[in-house]
Amino acid sequence: MQLTEEVFKRKNESGGSIEVICGSMFSGKTEELIRRINRVRIAKLRYQVFKPKQDTRYDKVDVVSHNSNAIISIPVAKAEAILLQAGHNQVIGIDEAQFFDDKLPDVCNSLASSGIRVIIAGLDMDFKGRPFGPMPALLAIADSVTKVHAVCVVCGNAALYSYRKVPGKNKIMLGELESYEPLCRVCYNLVRV
């Protein structure tokens, strides 16, 4: 019992951090977030996962990967709600960060400064290949960044773009393989022309 209390004390004394997992659609961002949170669970650390309320593709509450792995989360409408619900957790997970408002970097900085490990997953670029939402700011303040890649559905190379196959000008359009496909730089530039 004494050792457990000492380890817990050391974990709380250590500084917080911000980890960002980014890439295109179908690259395994959410899968990696779930993997890291499962390790946190095994370590018996207190954690909570959040996702944007508007993301209801697979489930209204759970964070679900394309491989159907899931973890319980709290859907929130605004980034500041994460601060209000963070409680006494040691680790906070955030999925689909690109859909949050511009307050998310401040929220993550506040959490990390209070000693919390923050793990964030999100698209770094929109369907036009431009930086997406608060992701550029999150990448700038991150202690570590993991860029994951999908497989280009045309040539098989590493894909970093989320090509939208259906017409529409709205930046945010929830969809899956029927609406988007991962492409490498060369194939993306060929279809964009």
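Computed from the coordinates by the stated procedures, all read-outs in this text should not be read as laboratory data. As the structure is a computational prediction, the values presented were derived from the model and not from experiment. When we count neighbours, we look across all protein chains shown, and the Cβ atoms used for this are built from the backbone with ideal geometry, even at glycine.
A compact table of results
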read-out: Burial order of peptide ranges 105-117, 133-145 (average beta-carbon count within 10 Å, highest first); value: 105-117, 133-145
read-out: DSSP-defined antiparallel bridges as percent of all bridges, region 15-148, nearest 5; value: 10 percent
read-out: Long-range Cα-Cα pairs in region 15-148 (distance over 23 Å), rounded percent; value: 22 percent
